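The values are calculated or read from the model by the stated rules, or taken from the named source; none is laboratory data. No experiment lies behind these values; they were computed from the predicted model shown. Heads up, the Cβs are rebuilt from the backbone with ideal geometry, glycines too, and the neighbour counts pull from every protein chain shown.
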Amino acid sequence: MLQMIIEAVILTLACSVDSAVTGFSYGLKKNRIKFIYALIISIICSFCLALSLFLGAALSRAMPATLTTIISISILSIVGGYKILESIFNKKKDEELKNLSIKSAAVIALILSIDGIAAGFGAGLLGLSWLSYIIIISISIVLNTTLLLSGALLGNKASKRTSLNLSWISGVLLIALAISQIFF
């Protein structure tokens, strides 16, 4: 049970780091994110994660366990490696953060969901239990909302100091999750 919770936290944290970075970017512009918009972003991201988990799980039933584990580790490692390379080459997402509305919050959520879709599909291939899915989705909603709002708050405070690129953290977390599947 503890291992399941740890893996759920790692997966959702890896998928939520971009929310913190987005919030931080927004905060650097001295803008605030309303709780309702953060919640909308979080729910959409978590819904996309849930769909990809279920799709991966459905596919895992049609394939041998060894093959789904190899595919899962590969997907998580590729997405993790991409996130690290993206951080190194400093590619930035072009979200319009100046006037956050429900529509722009939904667009930002879909952009932020891309990593979660790939990672969720990879994790779903592992054939997790329903309890795992519930834990992952619950943690995802809370963590996305918290990191988005915290990132904005920190961005506001750091707006005159420096701009940090933290996107590499999500890559490292996804690779760590992939490696954990080899040993556990």
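For segment 126-170, a residue qualifies if it is part of a helix (DSSP H, G or I), small (Gly, Ala, Ser), at pLDDT below 90 and under 18 Å from PHE24 (Cα atoms), and the qualifying residues are GLY151, ALA152, GLY155, ALA158, SER170.
Within segment 119-138, being in contact with a Phe, Trp or Tyr (Cβ under 9 Å, 6 or more places away or on another chain) and buried (at least 20 other Cβ atoms within 10 Å of the Cβ) holds for GLY120, GLY124.
Taking (1) modelled with pLDDT under 85; (2) over 22 Å from LEU154 (Cβ atoms) in turn, ALA20 satisfies each apart from (2).
Only one of the numbered conditions (1) modelled with pLDDT under 85; (2) within 24 Å of ILE179 (Cα to Cα) is violated by SER52, and that is (1).
For segment 75-114, the set of residues classified as charged (D, E, K, R) and at pLDDT below 75 consists of LYS83, GLU86, LYS91, LYS92, LYS93, ASP94, GLU95, GLU96, LYS98, listed by residue number.
The numbered conditions (1) farther than 24 Å from LEU76 by Cβ; (2) in contact with a helix residue (DSSP H, G or I) (Cβ under 8 Å, 6 or more places away or on another chain); (3) among the aliphatic types (A, V, I, L, M) are all true for ILE36 except (2). Against the criterion of being modelled with pLDDT of 80 or more, assigned to a helix (DSSP H, G or I) and closer than 16 Å to LEU11 by Cβ, SER72 does not qualify.
Within segment 11-38, the set of residues being surrounded by fewer than 17 Cβ atoms within 10 Å (Cβ to Cβ) and aliphatic (A, V, I, L, M) comprises ILE36 only.
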